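Read-outs: derived from the displayed coordinates by stated rules, not from any lab. The model shown is predicted, which means the values in this text are computed figures rather than measured ones. Neighbour counts run over all protein chains shown; Cβ positions are idealised from the backbone, glycine included.
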Amino acid sequence: MINNNEGTFSQQRWLVPHNAWNTQIAPNQKWNIAQLLDYGVRGLALDIYGDSEDTLHLQHGHGNDASATNWSQVRDEIAAWLAAHPNDVVTLFFESYLKGPGPGMAWNSKTPLYALSQSLTKRFLPGTITSGGTRTEVKQLLREPVPFYKEGRSVQEDAMKEKLSALIARNHRLFAFIEREPDEGAQSIFPVMTATFAENVYGDESLRIPTWVNLRKGSNYNNPVKFMNHFGNAPTGSEWDRNDKAKILDHAKQFFFSYGAHYPNFISLDYINWDSQRRGPIEAVDALANLKDAKGATPFGWPDTHSFDGVTMTFPPQKITGFTVKNVGGQGIVEIAPAWSASGPGVREIELISVKGVGVVNMRFKRLGENFGAWLTQNETAPDGGNVTSRKQVAQGDIIACCCRTSTGYGVVDFATAYS
């Protein structure tokens with residue numbers, strides 16, 4: 001299932017190729033735009049440069065001419081694909097190097113950023129210059145609408161709250177975001193990713209524990225739509241290992257606990273690949289489509305205090321009704337195991353005690369309608385006499401999943417839950 005037609009943007013699971021266009025030299029992607037969309041991609045991440053509509057082009061990094069491609073060529077591929085697939089929606093994510101309207105300028109002033117918007121609203125048909133006509137005059141005569149795109153920041157932000165079926169019914173099937181506001185200041189041409197998406201870090205940090213669910217600078221955990229980066233500083237040419245289904249799912253599940261019990265709506269990968277024997281990363285997206293977001297999460301208690309190098313997650317089939325722990329002297333709690341049941345009261349509150357230099361050393365919990373039970377083990381003291389801190393986690397519903405962050409030699413150093 002690629003589209004959830006009865007869901008909004010915040011209820012989709014879509015795949016995004018990072019640097020989505022194909023070049024023959026130093027390729028960003030193996031496949032062209034149409035092939036990627038046929039495969040199941042529904043978002044395209046693009047770096048765009050230029051001074052006017054005539055010079056708009058895609059390029060991966062400053063001065064990397066080998067990756068340069070005319071934007072109009074890619075735009076026409078997208079428009080043609082949408083015309084042939086009337087029940088699909090495509091979203092563009094621009095890392096924009098375009099000048100925007102400055103202070104006091106109208107939003108539709110003739111700036112490169114507005115030229116990009118115009119290129120999405122109307123396109124030029126192929127034609128020949130007539131006798132005595134200038135190139136500009138001919139282009140104006142040859143413009144035709146691109147019917148799938150609706151111009152304006154607020155127009156697109158409002159549309160994101162609608163069900164996909166409603167967007168498809170009125171043919172609003174192409175969306176475009178810019179990564180951040182232009183240097184010239186806030187604008188009303190495009191919605192901005194930093195204001196709309198909760199996004200993790202990118203590059204090598206997005207591929208490894210413990211950094212891969214860290215919040216990207218300028219983003220906000222509370223933004224309604226979730227965007228997960230899962231690619232390195234540079235493509236290797238074949239991403240079979242990085243784009244392994246199990247790795248993507250593991251990343252997405254850890255993302256879930258850090259981003260308010262929401263799975264990513266968009267997953268961005270380098271060099272998406274598949275063949276007749278292997279379906280590739282679309283398998284991970286298909287699996288995620290069957291996982292439901294939860295109502296909320298109790299956050300990790302010491303995200304900036306304790307380092308970790310491992311994660312253990314449990315998603316039981318019923319609500320969690322209790323916990324047991326395993327304790328090792330000098331290491332604190334090394335394992336937290338949930339118990340679950342369809343009947344009886346569920347756990348609603350947890351208290352954890354942590355010792356600096358050790359990690360979590362004790363735990364107790366309270367079920368709905370009950371008082372706190374006994375501590376599950378004995379407190380330890382820090383070998384260096386470090387600080388002892390406690391954290392309470394209060395769930396607003398039945399706890400349905402839990403996550404332990406662990407550190408080699410120290411056991412559990414932090415803990416979070418998700419509730420329905």
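At-a-glance table
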read-out: Karplus (6.51, -1.76, 1.60) ³J(HN,Hα), θ = phi - 60°, over region 111-123, in Hz, Gly and Pro reported as x; value: 10, x, 5, 5, 4, 5, 4, 4, 5, 7, 7, 9, 10
read-out: Acute angle (nearest 10 degrees) that the helix 71-84 long axis makes with the longest principal axis of the chain, alpha-carbon atoms; value: 80
read-out: Amide H partners (placed H, <5 Å) of residue 214, local residues excluded; value: 201
read-out: Solvent-free Debye scattering, log10 I(q)/I(0), computed from the Cα coordinates of region 244-305 at q = 0.14, 0.17, 0.27 Å⁻¹; value: -0.47, -0.64, -1.17
read-out: Part-to-part distance (alpha-carbon centres) for region 252-292 and region 209-248, which is given in Å; value: 10
read-out: Karplus-derived HN-Hα couplings along region 215-221 (A = 6.51, B = -1.76, C = 1.60, θ = phi - 60°), whole Hz, x at Gly and Pro; value: 6, 5, 4, x, 8, 9, 4
read-out: Fewest-first ranking of 96, 67, using other Cβ atoms within 10 Å as the exposure measure; value: 67, 96
read-out: Cα point-scatterer Debye curve for region 144-220, base-10 log of I(q)/I(0) at q = 0.21, 0.27 Å⁻¹; value: -0.95, -1.17
read-out: Mean Cα-pair separation over length for the chain, i.e. relative contact order, pairs under 8 Å, 6 or more apart, %; value: 13
read-out: Distant-in-sequence amide H partners of residue 43 (H built 1.01 Å from N, under 5 Å); value: 15, 91
read-out: Helix-only [θ]222 nm of the chain, DSSP H runs n ≥ 4, -39500 (n - 2.57) each, per residue, nearest 500; value: -5000 deg cm²/dmol
read-out: Per residue Cα convex hull volume in Å³ - calculated over region 297-419; value: 88
read-out: Under 5 Å, built H, 5+ apart or other chain: amide partners of residue 323; value: 339
read-out: Region 297-419, relative contact order [Cα under 8 Å, separation at least 6], %; value: 36
read-out: Karplus-derived 3J(HN,Hα), 6.51/-1.76/1.60, for each residue of region 164-181, Hz, glycine and proline x; value: 4, 4, 5, 5, 5, 4, 9, 6, 8, 10, 10, 10, 9, 10, 10, 5, 8, 5
